[in-house]
1. Give region 54-93 a look and list any residue that's part of a loop (DSSP other than H, G, I, E, B) and among the charged types (D, E, K, R), or say none.
2. Of (1) of a type in the set (D, E, K, R); (2) over 25 Å from Pro116 (Cα atoms); (3) under 12 Å from the mean Cα position of the chain (by Cα), Arg24 satisfies all except one. Which?
3. I'd like the full set of residues that are without any contact (Cβ under 8 Å) to a residue 40 or more places away in the chain and surrounded by 15 or more Cβ atoms within 10 Å (Cβ to Cβ), limited to region 88-99.
4. How many residues does region 30-51 hold that are in a helix (DSSP H, G or I), of a type in the set (Gly, Ala, Ser) and under 22 Å from Arg98 (Cβ atoms)?
5. Could you say which residue among Ala108, Ala77 is within 18 Å of Ile21 (Cα to Cα) and touching a residue at least 40 places away in the same chain (Cβ under 8 Å)?
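The values are calculated or read from the model by the stated rules, or taken from the named source; none is laboratory data. From a predicted model like this one, the values you see are computed outputs, not experimental measurements. Using ideal geometry, Cβ is built from the backbone for each residue, glycine included, and neighbour counts are taken over all protein chains shown.
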Amino acid sequence: MKLEHNQEIRIKGFSPYAQKITVRTVRGCTFRDAEEAHADALAHGHATAWTSQAHAALTADYKGKAAELDAAAIATAAAPIIADGDTVEIEGEFFRVRVIGERYSDPAAFVRIAQP
């Protein structure tokens, strides 16, 4: 399965009420040359891809809230599901998925592997 920076995903076994989970990458988050930032992350032993789970927030009712929530639910339902042990490709690199847990802001890790 191919994933990309800022793509919404779901994780097998998580509650249907889990917050939005997105794929993040060094290339997608940097404000400088993307390839240079990626190479620096590798050289320093840092992850080049990870997940980020949005925080929960209570909000008052406001005009358009129902439509906004409905659109978010549709996007989440269409998001691909990953599971512990899956192999994924992100920006040409291959990773093994390691699920950390639903209660974490980084609910899954991507562990670099050689091309399968």
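1. Going through region 54-93, the residues part of a loop (DSSP other than H, G, I, E, B) turn out to be 54-64, 79-80, 83-86, 91-92.
Asp61, Lys63, Asp84, Asp86, Glu91 - these are the residues of region 54-93 that are part of a loop (DSSP other than H, G, I, E, B) and among the charged types (D, E, K, R).
2. Evaluating Arg24 over (1) of a type in the set (D, E, K, R); (2) over 25 Å from Pro116 (Cα atoms); (3) under 12 Å from the mean Cα position of the chain (by Cα) leaves (2) as the failure.
3. Here is the first cut: in region 88-99, the residues without any contact (Cβ under 8 Å) to a residue 40 or more places away in the chain are 92, 94, 96-98.
Phe94, Arg96, Val97, listed by residue number.
4. Kept after step one, since they are in a helix (DSSP H, G or I), are these residues of region 30-51: 34-43.
Now drop any that are not of a type in the set (Gly, Ala, Ser), which leaves 34, 37, 39, 41, 43.
The next check asks that each one be under 22 Å from Arg98 (Cβ atoms); those that pass are 41.
So the answer is 1.
5. Ala108
Residues checked against (1) among the small types (Gly, Ala, Ser); (2) at pLDDT 95 or above; (3) exposed (fewer than 10 other Cβ atoms within 10 Å of the Cβ):
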| residue | (1), (2), (3) |
| --- | --- |
| Glu36 | no, yes, no |
| Asp40 | no, yes, no |
| Ala47 | yes, yes, no |
| Gln53 | no, yes, no |
| Ala60 | yes, no, yes |
| Gly64 | yes, yes, yes |
| Ala71 | yes, yes, no |
| Ala78 | yes, yes, yes |
| Ile81 | no, yes, no |
